[in-house]
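Single-structure report; data block below.
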Amino acid sequence: MELEHYKIILDHLIPAKEGLALELQGGDILRIIDEQGQQVSDLVAFNKDNLKEHFSATQTNKLNAHLNLKEGDFLFSTDCKKFFQITQLTNKQAHYNFIFSPCGDADNYQRFPEKPKGETCLGILQRVLKKYEIDWRDMLEPFSIGLNLDIKKDWTIETKHPLTKAGDFVELKTLISCIVGITACPQDRNMCNGGKLKPIRVKLYRLK
Ligand SMILES: [Zn+2]
């Protein structure tokens, strides 16, 4: 969207395998930018006034009635409140979904028993959101930005290379005061980050 009435208040590069926590106000515009291309970012969000209320995959998927989110879609909470609206997707072929949990030690242990340990989105989110004392079990429903999930006719799901290119971004309009955690996904056990771990840029705009 046009940002002439907004000022930029943050331009931050999350290094590979790192994360960022932010406190957002209603009206804020958040851009999550895939700086180099083919890098997934997980975003979790919590109502600032009630940290038990958070992004919900099941509510968002049900209320939008499709799995791959589009411009204009809302991201809903456990309580069916609109937390964000997607105001811009620069790459309409890329995938934006609420299907998988963030990568974590427990699921890596099941999926990749030969290499279960290491950095994970869940570990990063716990680290950057530590001061809010949010239970990790409330971080299991991220907006997976760029995660290319191929859902086949028999309902099996294959994780493929991201379809994002350098500079592609998701723009979200914030509709509620909230706390967010954002990662540069460190998963290197499959091709979800295209075989190389890269940074993610975050830009935050607020009304002048
Ligand atoms: Zn991850």
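The slack between Thr156 and Ala65, meaning 0.36 nm per residue of separation minus the straight C-alpha distance, is 30.8 nm. Note on Lys196/Asp138: beta-carbon distance plugged into 1/(1 + (r/R0)^6) with R0 of 35 Å gives a FRET efficiency of 0.70.
Ellipticity at 222 nm from helices only: DSSP H runs of n ≥ 4 in the chain, each -39500 (n - 2.57), divided by the residue count, give -3000 deg cm²/dmol. Using R0 = 30 Å, the C-beta based FRET efficiency linking Ser101 and Asp49 works out to 0.75.
Model label sites at Cys80 and Ala21, defined 7 Å from Cα along the beta-carbon direction, differ in position by 3.1 nm. Just Thr90, Thr156, Thr174 to compare: in a GNM of the chain, with alpha carbon springs under 10 Å, which one fluctuates most? Sorting by GNM fluctuation, first place goes to Thr156. Computed over the alpha carbons of region 58-135, Rg followed by Dmax gives 15.4, 41 Å. Under a Gaussian network description of the chain, with springs only between Cα atoms under 10 Å, the residue in Thr183, Thr87, Thr159 that fluctuates furthest is Thr159. Cross-link reach is defined here as a Cα-Cα straight distance under 19 Å, omitting same-chain residues fewer than 8 places apart; for Lys173 the lysines meeting it are Lys7, Lys48, Lys70, Lys81, Lys82, Lys92, Lys203, Lys208. Placing one equal scatterer on every Cα of the chain and applying the Debye formula, the log10 ratio I(q)/I(0) at q = 0.13, 0.19 Å⁻¹ is -0.66, -1.54.
Between Lys117 and Gln93, the contour length at 0.36 nm per residue exceeds the Cα-Cα span by 5.4 nm.
Every number here is computed from the coordinates shown, using simple stated rules; none is lab data. The model shown is predicted, which means the values in this text are computed figures rather than measured ones. Cβ atoms come from the backbone with ideal geometry, glycine included; neighbour counts cover every protein chain shown.
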